[in-house]
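Asker: Quick one: structure below, then a few questions.
The values are calculated or read from the model by the stated rules, or taken from the named source; none is laboratory data. Quick caveat: nothing in here was measured; it's all calculated off a predicted structure. Heads up, the Cβs are rebuilt from the backbone with ideal geometry, glycines too, and the neighbour counts pull from every protein chain shown. For accessibility, only protein heavy atoms count, side chains too; no ligands or nucleic acids. Shrake-Rupley method; radii C 1.70, N 1.55, O 1.52, S 1.80 Å.
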Amino acid sequence: MTQAAEPVAEIGLLIYPDCQLAAVYGLTDLFRIAGEWTGEPPRGIRVSHWQAGGEGVEPVWDSHPGEPHRLSHVIAPPSLIMPDRMAQMPTAARWMKEQHRSGTTLCSVCAGAFVLAETGLIDGRRATTHWAFAQQLAQRFPKVHLADESIVVDEGDIMTAGGILAWADLGLTLVGRLLGPATMLATARFLLIEPPRQSQRPFAQFIPRLDHGDDAIRQCQHRIHAEAASLQGVTGLAATAGMTARTFLRRFSAATGLTPVEYLQQVRIAKAREALERTLTPVDRIAWDVGYSDPAAFRKLFQKLTGLPPAAYRQQFGIAS
C-alpha cells in the first residue's frame, strides 16, 4: 500500500451557531477527494473542524489526528439564517484574528463574511458575499470595499466567496493553489462541477428597496415599475414628486441606493431577464418591449448589468429553449 505524503497544508473549518454544515462536510470531502488525484504518493490536505463556543474555539474533529495543529487556512462557512439574525461572534472573531497574526489565511463563504468582518481585518480590503446580503454588509461594515459581483475574491491573506454554494468555488480555488491546477481540474471533473466561476452577476436579482419610509419616492418607484417600458427618461418624476430635480435626485438615491436612471435600467433589465428565461421572443423584440428602441444599446447595457450577452444568458438560464 502506498504511503501518503505529509499534508501540504491544514485547513480549519469554523463551526459557529446556525452555520451551514453541508459546507463544512462538503469542503471536508472535496479536500479529501483532491488528495486522491495528486499522483503517487498522494499529497493530501489536512482538514480540522473548530467549534466556536462561549469559552473559546476548540478542535472537534481532525482528518490527521495526533500532530500539533498548524493552520494554513481558516474558513468561515455560510450561515443558514439571514445576516440580520446572526448573533455577533466576538470569540470566533478574536480567534480568527489571532490565527491571521500567526500567518493563517482567512476565508469566508456567503454570510460567513459577516463573521470575518468582525475581525476588522477586511476594513479597507476588497471582499465579496452573497449578492443579496451585500447592502447589509456595507451598512454594518462600511469600511469594507464590496466586490459583490465576484464569486471569489483572492486578496492573498484574505479570501472571500459569494453565494451559499460558492464553498465549492472556494474549495477548488484552494486546491488549485495548494495542489496545482491539474489536481483542481481533476477534482472538478470527478465531482461533475464547474471549475471556479468568476462572477455572480448572472445570478443576482434586482431587489428594489421599498421600505425606506420616503412616501414620495416610493410613489415614484411604483410609477417606474408600472410604466418602465413607456417612460421617456426620468426627468418628469421630480415634478410628480413635487421636488426640484436636485432634491429629487438626492432623496431618490438616499432611499433606493441608485440614481433614478440606474433604477429604471435595473427595472427594465429585470423584465428582459424574465422574458429571456421564460419565452423564445427574439432579443430585439424584448429590447423594444422593455423600453429600448436601440437593440445594440440594450445588449451593451444587459451585459454590463448581468455579465452576459442576452443570447448567452438565455442559453444558460432559459427554460423555454
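Asker: How much accessible area does Leu192 have with a 1.4 Å probe, in Å² rounded to the nearest 10?
Answerer: The accessible area comes out at roughly 150 Å².
Asker: Less than 14 Å from a label point 7 Å out along the Cα-to-Cβ axis of His222: which backbone N atoms in segment 241-266 qualify, by residue?
Answerer: Taking a point 7 Å out along Cα→Cβ of His222, the residues of segment 241-266 whose backbone N falls under 14 Å are 241.
Asker: Sequence-distant or interchain residues sharing an amide H contact under 5 Å with Met159, placed H: which?
Answerer: Correct list: Leu106, Cys107, Ser108.
Asker: If I take R0 = 41 Å and measure r between the Cβ atoms of Arg209 and His64 in this structure, what FRET efficiency does the formula 1/(1 + (r/R0)^6) give, to the nearest 0.05?
Answerer: Plugging the Cβ-Cβ distance into 1/(1 + (r/R0)^6) gives 0.30.
Asker: Still on this structure, please answer the following. Anyone know which of Ile193, Ile33, Ile151 comes out most mobile in the 10 Å Cα GNM of the chain?
Answerer: The residue with the greatest mean-square fluctuation here is Ile193.
Asker: Something else about it: May I ask you to rank Asp294, Asp62 by accessible area, largest first, using a 1.4 Å probe over the protein chains only?
Answerer: Asp294, Asp62
Asker: Can you compute the helix-only [θ] at 222 nm over the chain? Use -39500 (n - 2.57) per DSSP H run of at least 4 residues, normalise by all residues, nearest 500 deg cm²/dmol.
Answerer: Details: 13 runs with 143 residues, N = 321.
Result for the chain: -13500 deg cm²/dmol, rounded to the nearest 500.
Asker: Within segment 152-168, name every residue whose backbone N is under 17 Å away from a label modeled 7 Å from Cα of Met82 along the Cβ vector.
Answerer: 164
Asker: Could you give each residue of segment 126-139 its phi-based ³J(HN,Hα) in whole Hz, using Karplus coefficients 6.51, -1.76, 1.60 with θ = phi - 60°, and x for Gly or Pro?
Answerer: 6, 8, 10, 8, 4, 4, 6, 9, 4, 5, 5, 5, 5, 6
Asker: So between Ala254 and Thr91, what do we pick up on full extension, going 0.36 nm a residue minus the alpha carbon distance?
Answerer: 55.2 nm
Asker: Would you rank His222, His100 by solvent-accessible area, highest first, keeping every protein chain in place and using a 1.4 Å probe?
Answerer: My answer, sorted largest first, is His222, His100.
Asker: Starting from the Kirkwood Rh over alpha-carbon pairs, what translational D in µm² s⁻¹ does the chain have by Stokes-Einstein at 25 °C and 0.890 mPa s?
Answerer: Details: Rh = 21.9 Å.
D = 112 µm²/s.
Asker: State in Å² the accessible area per residue of segment 248-319; use a 1.4 Å probe, count heavy atoms of protein chains only, and round to the nearest integer. It would help to have the intermediate numbers written out before the result.
Answerer: On the way: 3800 Å² over 72 residues.
Ligands and nucleic acids excluded, the figure is 53 Å² per residue.
Asker: Another question, then. Once the whole set of protein chains is in place, how much accessible area is left on Glu155, using a 1.4 Å probe, in Å² to the nearest 10?
Answerer: 60 Å²
Asker: Sorted by accessible area (1.4 Å probe), largest first, how do Asp148, Asp84 line up? All intermediate terms of the calculation are to be shown ahead of the outcome.
Answerer: On the way: Asp148 50, Asp84 110 Å².
I get Asp84, Asp148, largest accessible area first.
Asker: Next up: Report the full-extension gain for the segment Arg140 to Tyr25: residue separation times 0.36 nm, less the Cα-Cα distance, to one decimal in nm. Let's see the in-between values first.
Answerer: Details: separation 115, 0.36 × 115 = 41.40 nm, distance 2.92 nm.
Stretched out fully, the Arg140 to Tyr25 stretch lengthens by 38.5 nm.
Asker: What does the accessible area of Arg140 come to, in Å² to the nearest 10, when a probe of 1.4 Å is used?
Answerer: We get 100 Å² for Arg140.
Asker: Then there is this: What does the convex hull of the Cα atoms come to per residue for segment 107-229, in Å³? Each step should come with its number before you reach the end.
Answerer: Details: hull volume 15.2 nm³, N = 123.
Measuring per residue, one finds 124 Å³ for the Cα hull of segment 107-229.
Asker: Starting from the Cα coordinates of segment 183-305, work out the convex hull volume and express it per residue in Å³. Intermediate values should be presented prior to the final figure.
Answerer: Details: hull volume 18.3 nm³, N = 123.
Roughly 149 Å³ of hull volume per residue.
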